[in-house]
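Since the structure comes first, as structure tokens, the remarks are kept for the end.
Just so it is clear, none of the values below were taken in a lab; they were calculated from the coordinates. What you are looking at is a predicted structure, and each value in this text was computed from that prediction instead of being measured. FYI the Cβ positions are ideal-geometry reconstructions off the backbone, even for glycines, and counts take in every protein chain you see.
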Amino acid sequence: MGMPQATHYWTPDDVRALPDDGRRYEVVAGELLVTPAPSFAHQEAVRLLIRALGDYVEHTGTGHAAISPADLTPEPGTLVQPDVFVVPLVSGRRPKDWHDIERLVLAVEVLSASTARADRSVKRRLYQRTRVPEYWIVDLEARLVERWRPADERPEVLTDSLSWAPSAAGTESLTIDLPEFFTKVLGEA
């Protein structure tokens, strides 16, 4: 009887050494996550989200919105690239380097068949464990957004509208009409 082969424990340095082949490489708790190029609808969702979030955080002065590729390390030994994310300002300005980012205010993943397991389990647990205030999983096929917060055992499932405000924003919220959003993303308008 043969010995089971030990699995490789991946590190951020291992991931950075991989070839630039058009795939997105991430590592969480030693597990390598590999994602192929996204679909057009996926990228359209990212475009619309970054525009809405970017305008909102700039207007309210509550952070900086960005998209991946990025090298984010919410905890030692991890390297993630959320599709869209919001980080706090650093001394009143946007971060100048990935190393300036110590925490996330919001992480967003647009679901695809190849990323569903990692987005819903591995990354969700990471974002909850590192106390990211909100993590959104945008499901284009089901036309809904799963909103996760650190203490949640189940997501809040949103189909009509999505309202969001980081604690620094006071009472002003960003509201996204989800039926309109999905119609635009899927090219039905």
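Amide H to amide H distances under 5 Å link LEU106 with VAL86, where only residues 5 or more positions off or on other chains count and H is placed in the peptide plane.
When a/c reaches 1.5 or more, the comparison of a/b and b/c decides; with that in mind, is the range 39-185 rounded, prolate or oblate per its Cα gyration tensor? Note, shape of the range 39-185 comes out rounded. Take the Cα of GLU188, step 7 Å toward its Cβ, do the same at TRP98, and the gap between the two points is 3.6 nm.
The distance between label points at ARG131 and ARG154 comes to 2.7 nm (points 7 Å beyond Cα on the Cα→Cβ vector). Taking other C-beta atoms within 10 Å as the exposure proxy, GLU153, GLU58, GLU109 rank GLU153, GLU58, GLU109 from fewest upward. Computed from Cα atoms, the angle from the helix 40-60 axis to the main principal axis of the chain rounds to 60 degrees. Normalised by 2.2 N^0.38 Å, with N the number of residues, the alpha-carbon radius of gyration of the range 40-91 equals 1.23. Of all DSSP bridge pairs formed entirely within the chain, close to 85 percent run antiparallel.
Taking the number of Cβ atoms within 10 Å of each Cβ as an exposure proxy, the fewest-first ranking of PHE85, PHE182 is PHE182, PHE85.
Over the range 69-135, the pair-distance histogram of Cα-Cα distances with 5 Å bins from zero comes to 3, 16, 30, 26, 15, 7, 2, 1 percent, rounded to whole numbers. Which residues in the range 139-183 place their backbone N less than 15 Å from a point set 7 Å from the Cα of LEU89 along the Cα-to-Cβ direction? The answer is 166-170. Computed over the chain, the per-residue total of -39500 (n - 2.57) for DSSP H runs of n ≥ 4 gives a 222 nm mean residue ellipticity of -6000 deg cm²/dmol, rounded to 500.
Would the range 125-189 count as rounded, prolate or oblate if I go by the C-alpha gyration tensor, calling it rounded below 1.5 in a/c and otherwise prolate when a/b exceeds b/c, oblate otherwise? Because a/c hits 1.5 or more and a/b fails to exceed b/c, the range 125-189 counts as oblate.
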